[in-house]
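*Asks:* If you scroll down you'll find the structure; I have some questions about it.
Values quoted throughout were computed directly from the atomic coordinates according to the rules given, and no laboratory measurement underlies them. All figures in this text were calculated on a predicted structure; none of them were measured in a lab. When we count neighbours, we look across all protein chains shown, and the Cβ atoms used for this are built from the backbone with ideal geometry, even at glycine.
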Amino acid sequence: MTNAQVLNTEELQGGFGGEILLPEDPAYEDARKIWNATVDKRPALIARCSTTQDVVRAVNFARDNGILLAVRGGGHNIAGNAMCDDGIVIDLSGMKAANVDPATRRATVEGGATLADMDAATQAHGLATPLGINSTTGVAGLTLGGGFGWLSRKFGMTVDNLESAEVVMADGGLIRASETEYPDLFWALRGGGGNFGVVTRFTFNLHQVGPDLLSGLMVYPISEAKSVLQQYRDFMAAAPDDLTVWSVLRKAPPLPFLPADVHGQAVVVLAILYVGDPDQGTKMVDPLRKFGTLLGEHIGVQPYVNWQKAFDPLLTPGARNYWKSHNFAKLDDGLFDAVIEYIGKLPSPQCEIFFGAIGGATTRKPSDFTAYAHRDARYVMNVHGRWDDPADDKRCIAWARDFFAASAPFASGGVYVNFLTSDETDRVRSAYGANYDRLAQIKRKYDPDNLFHMNQNIAPT
């Protein structure tokens with residue numbers, strides 16, 4: 001008998017301001033879908049919360065009934081921890097408010113907000129904080145894992161810009177954590193994932209950004225990949241913090257600025273954002289055009305919010321996804337050889353390998369400044385397996401795993417926790433690095449019974 005069959009939901013429904021969805025409800029099937037279509041879980045109920053008090057009620061209900069608990073923010077996590085079988089899902093997707101105080105340069109954002117929600121609110125005032133690269137990503141999950149994106153070289157990790165968090169704890173208590181209030185919990189929240197409670201509100205420090213910035217793409221043929229990547233490595237070693245360039249290897253989408261005969265061919269894409277004055281940025285990116293035979297480019301001044309959505313068409317919900325990831329302190333020629341080999345045998349036209357350049361401000365904090373520990377990482381590589389047909393699962397996953405193994409000798413040993421899949425529990429310590437033992441002690445203090453374990457779990461000491 002499943003939990004769905006035995007739960008008495010009246011206890012939860014009384015005074016619950018949001019919506020309770022059970023498997024027989026018409027909205028249930030859509031509500032249990034998340035970004036990664038390989039995840040197919042059927043919770044006993046989905047509690048769509050509308051207030052922090054709804055979250056408190058749902059946490060108390062799960063704990064008192066001894067039922068498995070999952071928390072959904074944006075539902076974007078690759079491992080699918082936003083859903084569970086036969087348990088309760090606290091769904092924050094209705095709690096999306098983002099409020100900005102331009103005078104103090106702070107934004108308070110609810111736990112269900114996406115990057116698009118927050119960017120729209122902050123950019124209305126020409127402000128921003130480092131977030132990710134896909135506008136449908138949830139702010140909560142991104143932040144709790146550390147968070148990085150186009151602005152990180154200039155302004156640090158997302159958690160370096162977090163000022164406070166409102167958290168519903170395992171005992172149902174509501175805590176505001178900051179540098180001065182529950183500082184141990186605040187430290188743990190900044191990279192320790194969803195292990196410590198349900199964050200219903202985040203308050204971030206903001207920076208003057210845009211609203212119009214120089215950004216865009218340059219595309220080179222795969223036949224010149226090694227030379228382009230070598231020049232890219234050298235270029236980034238000397239690049240200022242204002243400039244971020246990521247490299248992506250994949251089959252070319254049908255981009256209008258590329259010749260038709262390039263569409264569907266393997267290419268190297270340089271994705272570029274300059275945070276400062278666009279005229280200065282134009283001079284800074286000009287050397288990138290000389291890396292080889294430029295197949296096409298689309299570089300110009302556009303709203304930052306548009307650039308934040310530029311990769312959305314390649315990352316739409318509903319496809320099947322499997323990732324593998326490494327951190328790198330440097331990029332070796334041997335790594336480039338492995339990348340080129342595996343791009344030569346892509347199992348799906350949607351698969352790609354990218355190197356996200358961080359470094360800059362992300363490396364200038366000590367490794368124990370936050371729970372996010374990997375301050376030596378200058379690049380985060382993601383092997384992005386993506387396809388549509390379940391019949392392709394085996395070969396697409398095998399491709400990602402094989403390249404992960406081939407690239408491992410060149411990696412620094414750490415891994416970004418938000419890129420871990422559900423089958424990588426053996427890498428949890430690598431995700432939290434030298435901070436793991438301290439995190440386990442804090443976990444014991446705030447969640448000794450491990451109520452919050454649908455995550456890359458830190459067991460209480």
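*Asks:* For the chain, what does the helix formula give at 222 nm: sum of -39500 (n - 2.57) over DSSP H segments with n ≥ 4, over the residue count, nearest 500 deg cm²/dmol?
*Replies:* Taking each H run of at least 4 residues, the total per residue is -7000 deg cm²/dmol.
*Asks:* Quick one: plug the Kirkwood hydrodynamic radius of the chain (C-alpha pairs) into Stokes-Einstein at 37 °C, 0.692 mPa s, and report D in µm²/s.
*Replies:* Using the Kirkwood radius from Cα pairs, D works out to 146 µm²/s.
*Asks:* Next up: If you count the DSSP beta bridges with both ends in segment 3-91, what percent of them are antiparallel, to the nearest 5? Can you show the working numbers first?
*Replies:* Working: 3 of 11 bridges.
Of those bridges, close to 25 percent are antiparallel.
*Asks:* Once you put a point 7 Å from the Cα of Asp261 and another 7 Å from the Cα of Ala319, both along the Cβ direction, what distance in nm separates them?
*Replies:* 2.7 nm
*Asks:* One quarter of the convex hull surface, Cα atoms only: what value does that give for segment 3-91 in nm²?
*Replies:* Value for segment 3-91: 5.2 nm².
*Asks:* For the residue pair Tyr28 and Asn60, what label-to-label distance in nm results when each label sits 7 Å from Cα along the Cα-to-beta-carbon direction?
*Replies:* 2.6 nm
*Asks:* Kindly identify segment 212-358 as rounded, prolate or oblate by the Cα gyration tensor criterion: order the square roots of the eigenvalues as a ≥ b ≥ c, call it rounded if a/c is under 1.5, otherwise compare a/b with b/c, prolate if a/b is larger, else oblate.
*Replies:* It is rounded, given that a/c, with a ≥ b ≥ c, falls under 1.5.
*Asks:* A further question follows. Quick query: amide H of Ala252 versus all other amide H atoms, modeled in the peptide plane; which residues come in under 5 Å with a sequence gap of 5 or more or a different chain?
*Replies:* Gly264, Gln265, Ala266, Val267
*Asks:* Now for a separate question. Using alpha-carbon pairs under 8 Å, 6+ residues apart, how would you state the relative contact order of the chain in percent?
*Replies:* Value for the chain: 16 percent.
*Asks:* Would you mind ranking Lys394, Lys154 by Cβ crowding within 10 Å, fewest neighbours first?
*Replies:* Lys394, Lys154
*Asks:* Return Leu21, Leu273 ranked ascending by Cβ neighbour count within 10 Å, so the fewest neighbours appear first.
*Replies:* Lowest to highest Cβ neighbour count: Leu21, Leu273.
*Asks:* What translational diffusion coefficient, to the nearest whole µm²/s, does segment 244-303 have by Stokes-Einstein, given a Kirkwood radius computed over alpha-carbon pairs, a temperature of 20 °C and 1.002 mPa s viscosity?
*Replies:* Value of D from the Cα-based Kirkwood radius: 169 µm²/s.
*Asks:* By the scheme Lys and Arg +1, Asp and Glu -1, what is the net charge of all other residues having a beta-carbon under 15 Å from that of Ile46?
*Replies:* Result for the neighbourhood of Ile46: -3.
*Asks:* To make sure I understand, if each residue's beta carbon is the centre and we count other beta carbons within 10 Å, what order do Glu224, Glu10, Glu110, Glu424 fall in, fewest to most?
*Replies:* Glu10, Glu224, Glu424, Glu110
*Asks:* Now a separate question. When only alpha-carbon atoms are used, what values of Rg and Dmax, in angstrom, describe segment 152-239?
*Replies:* Reported Rg and Dmax, both Å: 19.9, 58.
*Asks:* Can you give the net charge of the other residues whose Cβ lies under 9 Å from the Cβ of Glu163, counting K and R as +1 and D and E as -1? Can you show the working numbers first?
*Replies:* Details: positive: Arg106; negative: Glu179.
Combined, the nearby Lys, Arg, Asp and Glu give 0.
*Asks:* Once you keep just the Cα pairs under 8 angstrom separated by 6 or more residues, what percentage relative contact order results for segment 212-419?
*Replies:* Relative CO of segment 212-419 lands at 27 percent.
*Asks:* Please give me, ordered by residue number, the chymotrypsin sites (Phe, Trp or Tyr not before Pro) of segment 344-451 that lie in loop per DSSP and have at most 16 other Cβ atoms within 10 Å.
*Replies:* none
*Asks:* Express in whole angstrom the spacing between the alpha-carbon centres of segment 367-401 and segment 232-307.
*Replies:* Here the answer is 22 Å between Cα centres.
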